[in-house]
Each structure stands twice: as C-alpha cells, then as structure tokens.
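What follows is a short report on a single structure.
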4 protein chains.
Amino acid sequence: MTALVYHERFLWHDPGSAASIIPAGEMVEPGPHSESPERVRRINSLVEVSGLGERLLRLRPRSATLDELRRLHTDDYLALVKRISDGGAGNAGVSVGVGPSSFEIAALAVGACLTAVDAVVAGTVRNAYALVRPPGHHALAGEGMGGCIFGNVALAALHARETHGIRRMAVVDWDAHHGNGTQAAFYEDPDVLTISLHQADCFPPGSGGVDELGAGPSLGKNLNLPLPPGSGAGAYDAAFERIVLPALEEHRPELAVLEELSGEATGVEDPFLPIFEGYGYQELQPHQAAVLDALLAAVP
Amino acid sequence: MTALVYHERFLWHDPGSAASIIPAGEMVEPGPHSESPERVRRINSLVEVSGLGERLLRLRPRSATLDELRRLHTDDYLALVKRISDGGAGNAGVSVGVGPSSFEIAALAVGACLTAVDAVVAGTVRNAYALVRPPGHHALAGEGMGGCIFGNVALAALHARETHGIRRMAVVDWDAHHGNGTQAAFYEDPDVLTISLHQADCFPPGSGGVDELGAGPSLGKNLNLPLPPGSGAGAYDAAFERIVLPALEEHRPELAVLEELSGEATGVEDPFLPIFEGYGYQELQPHQAAVLDALLAAVP
Amino acid sequence: MTALVYHERFLWHDPGSAASIIPAGEMVEPGPHSESPERVRRINSLVEVSGLGERLLRLRPRSATLDELRRLHTDDYLALVKRISDGGAGNAGVSVGVGPSSFEIAALAVGACLTAVDAVVAGTVRNAYALVRPPGHHALAGEGMGGCIFGNVALAALHARETHGIRRMAVVDWDAHHGNGTQAAFYEDPDVLTISLHQADCFPPGSGGVDELGAGPSLGKNLNLPLPPGSGAGAYDAAFERIVLPALEEHRPELAVLEELSGEATGVEDPFLPIFEGYGYQELQPHQAAVLDALLAAVP
Amino acid sequence: MTALVYHERFLWHDPGSAASIIPAGEMVEPGPHSESPERVRRINSLVEVSGLGERLLRLRPRSATLDELRRLHTDDYLALVKRISDGGAGNAGVSVGVGPSSFEIAALAVGACLTAVDAVVAGTVRNAYALVRPPGHHALAGEGMGGCIFGNVALAALHARETHGIRRMAVVDWDAHHGNGTQAAFYEDPDVLTISLHQADCFPPGSGGVDELGAGPSLGKNLNLPLPPGSGAGAYDAAFERIVLPALEEHRPELAVLEELSGEATGVEDPFLPIFEGYGYQELQPHQAAVLDALLAAVP
C-alpha cells in the first residue's frame, strides 16, 4: 500500500506576489507567484475525484522540530526565516517569499517527509508520497532559493539516517529544475547517491552540469542528467534504463527517495506518474532519444 | 466637459494578501485583499466599453512632490512608507499593506487629485474625476488606515488653497465608510466644510457619529450622516436635499470635492453615478426615508 | 460526535463567469461568480488547520440516484440539467450556471445530505454537517435559481421520510437569503415545519415575507423572519428566542435540519458556528451558542 | 511614429474555464483558460507604466463589418459564432470558448488590425501594433481553433488588398505555435508570402512542417521554420538571417505583417521587442534588434 502525506495548511503558505518568479517591482507588475497553492491543491483534489484516494492511506503529518531542521540548516538561517514569518512578510533568499506562519508551514512540509519515512521504515506502507508546499530541493544550509525554504528531501534522508540508522540511501530528483540543494547536502557523503534529471541550463542558472560528480570520497555519487528542453517520455525511459537504474543497482540503497516539485515521494515506486501537473514544466515530447544518446555518452 | 485622471500604475499597488481586510495569519488563510486593483480597473474598462470615454478628457496625472505630501503628512510617516516600499513589503498601519513601489504609486494617486484640481481651476474642464488607487480618506497625518496610504482628497484641498489661493471649500464623502482622515485634516479649519455620508458604526469602529461636529472656530463645519445599513436611493436623496445641499448653500464653497472609494471626484457634478461598483458596498435599498427622518432630526 | 460530509468534487462545479451574480454581457465585464469554490474550500481548509477536523468523523458522500432526485424535481428539469452538463455549459435558471459534470456534482451534493441524514438516523453520530456545493435552498421543482441546482435540504427531508419513515421534521434556514425552494417544497405539508431567517427584501426579490405562512393543512407551518440589513447577534438571539424555539417546541420534530449557504447541516447542533465565512453574510457571534442550546433542548 | 491599436473590450472576451487549454471535464478540474485577458492587459499596462505609451499614437479601433469577415470566413461559421455568442457560452472549435459578446469582441479584434493597416497605408504612422484578443492565427475559414475565433492577420492582409489595392505582401509569424490559419488562407496565393517560426511539433499537432511549402502557383511562398524547444536568441538570429530576410528580399512585399500571440503587428518595426510576456514563449532577447534592422532594410 501507498501512503499520502498531505495537510491543508500547505495551501496557506503565501510567497507574495511576482510575475511568475520575477519579483514585482518598479517595472514588473505584481501577479501570482509561480509557487502557487494550486500546485498541491489540484493534485490533492484530483486524487480524491479520480478515486485514487480510496486506495491510499492518508497520513497526517507532524511538524519537524527545530533540532530536526538543524540537521541541515544553520541557526542563523532558521532564525531569519522565523523572524520574517513572525513579522508578516519578506524574502529569505532569491525568489523565496516568506509570509505569515511560513516558518511553521515549511516545518510541517519537512515533517510530512519525515512522517513518510517513518511509515515506510515501520513497514506500515510499502512507499509514501509527501505532497508538500513549500518545495525544498533548491534550499541550501544557510539560504532559501527558488521558492524553497527548507530542504525537505535532504532532511528526510538525514532523518532516516539519524533516527532509523539507515546508511545507504539514494535520492532521484526528476523535477524540471536541478536539485542543487539536495546535491549540496550530500556532495561529500558517499552513503547518499544523489541523481537529478532536469532541463539543461534552466534553474538555478549555471547549475546541474554533468561534471558535478560529488567530491572526495563521494566522487561519482552525484549524477546530473541535464536533458534538452522538449525531452519526452523516450528520453526519461532511456535515462532511467541506462543511467539511473544501473547506478541504483550499484549503490544498493536501503531507502530511495524520489523528488519532484509536485511533491516529495519516498520509496521506490511512484503511484503518481499519471497525474503530473503540466504547469511550470516543459512539456515532454516523445522520442528525443538521439539527443539523449549523446548525453549518455558524456556521463561516466 | 469632464476630465478623467487615471493611470495604469494604480493597478500595480500590491497591498499583500488578506481575508478581505483581515490580515492573513495563523488561523486566517491568505486570500485576495479587499483593496483590489479590480476596483479601479473595472471602472476604467467600463468607461471605455460603454462609450463614456469618448466624451471625457483623459488627463495624465503627475506625481505629488514630497513637499506637497508634507502639507498633510509627518516626515516620520513619509519616511516609514518610503522605507517599506523600497524594502519590498510591510504594513504602514492597520490593514495598510505597502508593496514594491507603493510609495511612488500612492504619490501618483495624490498627484492625480492635484491634476484634477488644476484642470478645474484652470477652467480646462468643468469638473474632473480622479480614479485612483490606493484610496485616501482614512489616512491620518502620521498613520495609514483601512487601505489608505496618503490623504488624497485632503491633499487636493490643501493644494487648491496653497497653490491656487482658494479659501472656502467643501468635501462631500459618500463612500460607505466614514471619511475620518479627511475629517481630521480640517476639524478645526472653518474654511473647509467636511460632510461624510456612510454606513453607521461600520469603519473605522466608533468613528463618524453625528456628534463629531468640528472644533473651535470650525464647530458645525464637520457633518456626519451615519445611515443605517440597507439605506437606499431614497435615503441618499433625502440626506442631500435636507442636509448636504443646505449646508453647501450656507458655506458657499469656491470648490467642492466629492469623495467615494471608487475614485476621488473633483467638482460639483459626478458623471459616474451610474457606474458604482457594488463590491464592498452595502446594497442600497430604496425608501428607508422613515429611518432617515429620525436621523435628520438628530443632526443640527 | 459530529460528522462532516464533504467531497473535493464540490470544488469542480463551474457556474461560469459573472459580475458577482449578474450575468456577464454586453455592458457587464465577466468576472468571478459569487457561487465560488472558495466558499466550501476555505471552510474545509480551516476545519483542518484549526484542528477541528481531528474531532469530526469525515464521511465520504454517495451520489443521489435519479429516483431520489425525482422526489422533488420534474423529469423535464432533470433532463435539462443533464443535457447542459453533458454539453459543456449553459444556464438552468436565473444565475444558475451549469458546467461540465455539474449534474453529477449536484447529485453528489444532494447525496452528501442523504449521507448526513443516514448517519444521524443510524445513530453513528449525534449530528452531521454537509459542506456542499452547489447550494440548494433556492431550487424549485422545475427550475434552478440563485446558483442552486437541486434542493439539497428538501431532498434530505424527503429521504428521511421515505427511506427512514420519519414524519415530523423541521428545517431552520439561516442563510442571508430567503429559502424559497425549501419553503415551496413543503408549503402544503403540515409535517415539515419550515423557518427561514434572512435579510428582508434581498433575494429572491419579493420573496420571504412574513405573510407566507403555508397553505391548507400546513397554514402556520412556514415561518419567515425577514431581518433588516445590518441585524446582528441581538436580532438573531431575539428571533430564535421568541419565534424559532417556541415554534420548534410546538412542532416537536423528530429530525431538525439547519441550512445555511456555507453548507447544509443535519441534526441539532452546529459545530461550525465559530468558522462562518464572512463573505456576504451577517457575521454570527459566538454567544449564539446559548440560543443553540435552547434549540437543542427543544428537539427531543 | 508607431501606432498602438487597443481596446479595453478585448479584456471582456471570456473563453470559459479550462486546465490551461484542456477543456474542463469529468477528470479535469476547471481553472483559468490559457487565453487569458491578462496577456493583453499586462502588456497594455506595461506600455503605460514604462513611459512607452507617451511615444505611441493610440488609435481607437473600429469593428470589422460582416462583409469584411466574409473575406475569409464562411457564412455558416460566422452564423455559428454569432449564435453561441448571443446565447451565452459554448465552443466554436477545439479549445475555442465563445462567451457573451465574443462575436462582437472578435470582430473588434479584426477591426483593430484593419485600423492598423489603414494608418500605415495612409502614412499616418510608419508602423502599427494591434494588441488584440482573441488571437487569430489558428482560425480557419469554417472553424475556430486554439483560442482563435477570426483570422485577424489574414483578414488584415485581405483588407490591404481589397480596400487599398496592395498586391505583394508578407506575413511573418513568430508566435511559439504554428500559424496554420494564416498559412491556409494564402496557401495557393503567390502574392502573399507566409513565414512561420514556431516550436516544432507543438500546436496544432502535426502542423507546421518544413514540407508545407504552398501549392500551385504559390509553391515556395509558404515557409515553416519549426525550431526545437529551447531555441533562443541565436536560433532566431540564424533563422532570420538565413531564411526570413532572403525570402523577404526576394518577395519584395509592399506591406509586411508581423504576428505573435501577444498582439498582431502591422508594419516593419516592432516597438515591443523589449516587453514580451514570458508566459509560454521563448524569451526574445534585445539584440534581435540587429535582425530587425536587416528586416526593415529588406522592405521598401
């Protein structure tokens, strides 16, 4: 069985206005921010309307504690987010709007990922899907980025290690953008294999190249697969078959975490493949395998 | 002929999210703020679509200067609004969200009212309508209130006096809420007759009673007509016929300024009566004259 | 314990665009329709965020069958709504937009009320709250009205009678508008006492006067309490104490149904008093709990 | 000087709800349609706020007459759109929602393009930009498509020919989607060179290949440049330099029409390059001005 960890409070995080992700300003008219509640709300609604919800175990998330957040984030950054959140509104990084109670909501988003890990480790479910907001994979130890406040998935892996003693893990991130925050969290950590499939040269700028391979003992334990815009199902199939699965097979993780912007999935199956939200994503075109072949050749 | 003073930039003022006017918070889900761009945008659009625009002279507003704003507001308050506006977002009073460039947009709203005064005084037009945002009639010298940043209409009257030497003026405010800021600006000033028709005991709480009559030499030069909820055209007719017009006749203003939340009207005719926006207003019910009679008896 | 009957599908009913409730047209710019998904979505979200959800039994609604809908509605009307709903979009009455799948969603809204009745009658819960959309109390046998497609609460009472053999019932409707559809359903039926508290002369126009008292054997079994605009907690207290409770006491219903636009409440307690949406409504004050206590005492 | 032809009424066209362009339905939650008023509203607002508006001549559009619409569209199709528009709401093709007064608004959009042509031909301005809604380049003679009701640009060219006697024309369409409607209008017409730059294999499906070259006497007078997703300024530069400019030079049009979804540009300069809306588009970079310079030189 699969668990779904979701909370209505995720809809209450208000990143402020923007023109998509460009901050409103003198020459930029305010409008809805890309990191919209609609992303998770529509998925949650579709889960229920489609009938999928009847086959899932809904789990109520707990909040992550301050000590759990400290596993990744600096005290200064945590204090900054808390101060802005209590004060009303402000920015905790580039395109990271923080509104009333955003600290608590972001801590609940992390907590949902911990709840997912706990349920999988306890064997309650075979896998779990954390449908959370704000997202997390761009957040760094001391800085938010791209709508991400706390590193949800990185903290999930750290929780699995510190609370459950799980050593070898893998994170596969197939959000359209590079999972730079997750990469940074484990860049020198050989126990956590991090793989990111993303649109080449998209966001963050200059991040996510094939040459970012991990450092020190973890060299080769970070894999980036920057796919050309327009890559479709064929490209993903080929990338998984030739790179992701062999790498997982070699790493032999005890726990795997899938990450995509529409949620944070824990476990090795993703029941949500059919319900990707198109919004904010490149539309994936079929059969760009030829382009991918060249890419594959470039990855060790 | 009538002038319309409007600028697209009025749509760019972002008061942040709220539940109507209640600030978003731990138990209040963020949503659209009542002080929405749609208020002026829909009126401007209707002016064009209805064909009314072809019979109006559109004037491009200038910004009010800092010195012009100082006629009403304290340096501390002006500095506060400027600082928040430059910093990105925050509050300049109860339910007064300030966003990027809100200082400049509010100064342009004031400027539109000055432009309207200039055009009427110069005789270019017989009257002028300033369709502006943010609104102004709740703003005090040192504090914003109820979505109002600067006192648009009070500053228009001060401009008429200081720049054009006009002495006797009247402000008639028929917004659904009490024009407390305009009242405060001229409470001891016998040259400016201030009259406010509004829903009794609505906003600001405890403000706008019939006993607020002006002070010192201006006693009797401030008139509040707090109408019961549901008052309709009959109530307004009676209030104008029995109170507003006699008071104007006695005061003999050289310039009259009408004020309502959908804009700020200068001059003594209002071409916009047929296009009231319903939003935020009590729906006005016909024939509550009986209730009004009692009210009239209470006003000296 | 109290049940909450809600379904995400209620958010998917699309009444089309309007200017509040005025249909868009040549001189009316399209905008959001008053009968917005936000009404029930915000309440459902607040139930969860406030923690109230943990003390409620969430029940999944079933759809009402065609035979169940026929208890109130004509075959012609049911066919009309089905045809528009399958075709895409159109109107099934004044201000009754029907969009894709609106027939099925409206049947689910009715079904949620039947589910609430079943749970109360079975004794699973002491009372139940059906948080549904589209609303129902304006709908007539052969015509939708004011956003209402099917008569949710009237159908709930008919279900209680025909399926569970309950004879004496009461419906108390405290939505701001007159419950004309519910009134019509039982206007000559002495077993169902119908009481509506509403703003006088509001909607539907000319409906809901004190002289509409029921007909034939049911004379005196329909009570309208048209309150003046602006009526607050005191008015409601007095109305309940002097009219509603004595009438309930005399009628001695086996089942009472409370109705307000934010949902359809079955049973005698309403756990939702503190979380009324302000939108367009008289705000109800918490100390009405005392009145409700008396109401509870009046129902066996 | 450059003219801008815009009307507030373009904001009033309501294509109904959708999930982006997917019609709402049983498993598709209603949401905002991609063909949103915000597209033209934000551009018009930015023109004013940036100060660009002060350097443009704003022209008020007239409506296209029925006879002018018949130059491209069949009587049956015109009657269908009129009937749906008068009736309230419905579809006039795939993803072509028609709402109240959409017929009249679409006729005004065509009329704005005719107004632009008239101003350029009369020499009042050197070029003109028609900022219109609904868009037009997918519309066929007897069928709407992709949000397009009438073929704005094709009708502009037909007007230039029939009213002004202009024979040789060129249409360059750089919207992200294939200009299939404009292509179809002139597919066998050697006097009108049609060129479309667009994302390959995007919309309409299967349309816009390099092998669609025109037919009969017009063979070689229709050029499609299907660019791969992610193509940027370099791709556009190369496409213009190697294909578009040589083709224009050879065709020697008396009038050139640029087309993109954010408006319909008539004449040879486009003053709007710096203010492209990012929404759904390849972002065009400012240094394309060099390419435009060459384009200008190619047109007498």
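Where a number appears in this text, it was derived from the coordinates with a stated rule and is not lab data. What you see is a predicted model, and the numbers here were worked out from it, not measured in a lab. Don't worry about glycine lacking a Cβ; one is built from the backbone with ideal geometry, like all the others, and counts go over all protein chains shown.
Within 10 Å of the Cβ of each residue in B:86-92, the mean number of Cβ atoms contributed by other protein chains is 4. Structural size metrics of the protein assembly as shown, computed from C-alpha coordinates, are Rg and Dmax of 32.0, 94 Å. Dividing the summed helix terms, -39500 (n - 2.57) for each DSSP H run of n ≥ 4, by the number of residues in chain B produces a 222 nm estimate of -9500 deg cm²/dmol to the nearest 500. Kirkwood hydrodynamic radius computed over chain D comes to 19.0 Å, based on all pairs of distinct alpha carbons.
Checking the a/c ratio against 1.5 first, then a/b against b/c, what shape does the Cα gyration tensor give for the stretch C:100-180? Judged from the Cα gyration tensor, the stretch C:100-180 comes out prolate (a/c at least 1.5, a/b above b/c).
Taking every residue in D:44-52 and counting other chain Cβ atoms within 10 Å of its Cβ, the average works out to 4. Summarised in one figure, the compactness ratio Rg/Rh of the stretch D:119-158, Cα atoms and Kirkwood Rh, is 1.09. Sparse packing (at most 12 other Cβ atoms within 10 Å of the Cβ) combined with a DSSP loop state is found for the following trypsin sites (Lys or Arg not before Pro) in the stretch C:114-179: C:ARG167.
Altogether, the Stokes-Einstein calculation at 10 °C and 1.306 mPa s, with the Kirkwood radius of the stretch A:92-132 over Cα pairs as Rh, returns a diffusion coefficient of 137 µm²/s. Orientation-averaged projection of the stretch B:55-193 equals 8.3 nm² [convex hull of Cα atoms, one quarter of hull surface area]. Calculated on C-alpha atoms, the gyration radius of the stretch C:11-72 divided by its Kirkwood radius gives an Rg/Rh of 1.15. How high is the FRET efficiency from A:GLU241 to C:ASP211, r the C-beta distance, R0 56 Å, rounded to 0.05? Calculated value: 0.10.
Per 10 Å bin from zero, what fraction in whole % of the C-alpha pairs of the stretch B:37-104 is there, up to the bin with the longest pair? The calculated distribution, bin by bin, is 17, 33, 27, 21, 2. For the peptide B:5-11, the mean number of other protein chain Cβ atoms found within 10 angstrom of a residue's Cβ is 4.
A Cα-only calculation for the stretch D:68-125 places Rg and Dmax at 13.7, 41 Å. With the convex hull drawn over the C-alpha atoms of the stretch D:1-119, the volume per residue is 108 Å³.
Kirkwood radius, the stretch C:154-210, all distinct C-alpha pairs, inverse of mean reciprocal distance: 11.9 Å. For the stretch D:166-260, a/c is not less than 1.5, where a ≥ b ≥ c are the root eigenvalues of the C-alpha gyration tensor, and a/b does not top b/c. That puts it in the oblate class.
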